[in-house]
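The values are calculated or read from the model by the stated rules, or taken from the named source; none is laboratory data. Please read these numbers as outputs of a predicted model, since none were measured by experiment. Reconstructed Cβ throughout: ideal geometry from the backbone, glycine too, with neighbour counts over all protein chains shown.
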């Protein structure tokens, strides 16, 4: 199904729905999009939405407000595509993807080469309390706990030498190979790439665990070295 207006174009894609915002001011575009969703509530219920905004400069308050209003209508905003660096960075900080698909980088391994190159990352040596937010395009390591109300967003993986009880988003740029590892995992929200973990309501077992995407869902398993 395709929905068209003067300023908003909505069409179905493999990953859900793609909204393309045309010329015009942002308040009008947002109002038109929300009106279209309300008018066709049954069609949009439970939909996953990606939004293409061109070179518009959007800040966290604007994107965050739209995401909340879409959520109120049962619609999940998971990606924002923009040619504006400011808008793209804002989307990444909010844990949204910034492209519809991302090919996984190819890695070449030379025989008998025992030298391993490191990857970009951020190391935090403290407990993150409520109100703290850490965001990076690389990996993030935390030596300490992530308390409720704290948020960690990484383009790569997240490793916590402590207990996770706040919100963690790994693979925020769409990397489904990212993982979340912690000594104890009891988060308010856990997301990897575009998937949100459906964790049981009971208290987490206090043992090292690792969350990763397997067969299209997030699974949590004991954290142990890979066996050769």
(request) Considering only segment 137-152, state which residues are closer than 17 Å to residue 120 by Cα and surrounded by 22 or more Cβ atoms within 10 Å (Cβ to Cβ). (result) 140, 142, 152
(message) Of everything in segment 195-219, what is at pLDDT below 90, touching a strand residue (DSSP E or B) at 6+ places or on another chain (Cβ under 6 Å) and closer than 30 Å to residue 77 by Cβ? Give them in sequence order.
(response) 197, 204
(message) Name the single residue that is modelled with the lowest pLDDT among those in segment 1-23 being surrounded by 13 or more Cβ atoms within 10 Å (Cβ to Cβ) and outside any strand (DSSP E or B).
(response) 5
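If I ask for residues that are part of a strand (DSSP E or B) and within 9 Å of the chain's Cα centre (by Cα), which ones from segment 169-189 would you list?
Initially, segment 169-189 is screened for residues part of a strand (DSSP E or B), giving 169-170, 180-185, 189.
Within segment 169-189, 169, 170 qualify.
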